[in-house]
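Okay, structure first, notes after.
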Amino acid sequence: MVERLHKCRKFIFYLLGWLELFVSALIVLGILLYLTSVPGLLSEIPQGGFNEYLSVLFDILIALELVKLLCRNDLYSMVEILLFAVTRHIIIERLSILETLIGVAAIAILFAIRKFLFLYQETHEEIRHRREHMD
């Protein structure tokens with residue numbers, strides 16, 4: 001009975017892994033389709049379309065970070081997505097001074113979380129090993 005339950009959990013985990021890859025592929029496809037609108041937005045920059053241009057680029061960055069989150073499954077990627085999302089909101093939207101201050105405080109908190117609460121300490125050997133496999 002316990003062995004059957006273990007096999008069932010293992011199968012569900014395996015299936016969810018494939019579903020994550022499928023969703024990641026759909027997001028990448030959407031990003032590629034969305035990138036086709038970027039050149040058209042360049043012509044609108046002189047007419048005051050710079051905020052829209054930045055908004056599209058930030059949306060693409062956030063989507064790319066989401067794909068990385070789905071592929072890596074770690075909290076570090078989640079904090080990066082939140083950093084991009086808060087930064088996008090502060091830069092693109094017309095916020096009051098108080099809202100901007102709250103956004104900056106949120107970014108500071110996210111940086112503090114990333115620096116002090118993550119136990120993400122790599123040894124020099126692990127970094128070298130990872131770089132060797134990237135080349």
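Since every read-out is calculated from the coordinates, none of them should be taken as a lab result. It should be emphasised that the depicted structure is a prediction, and the values quoted were computed from it without experimental measurement. Ideal geometry is used to build each Cβ from the backbone, glycine not excepted, and the neighbour counts take in all protein chains shown.
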*Which residues in segment 55-93 place their backbone N less than 17 Å from a point set 7 Å from the Cα of Ala112 along the Cα-to-Cβ direction?*
79, 83
_Simple label model, 7 Å out from Cα along Cβ direction - Thr100 to Ala25, nm_ = 4.5 nm
_Can you tell me which lysines have their Cα less than 28 Å from the Cα of Lys115? Leave out same-chain residues fewer than eight positions away._
Lys68
_Chain lengthening between Leu64 and Tyr76 when straightened (0.36 nm per residue, less Cα-Cα)_ = 2.9 nm
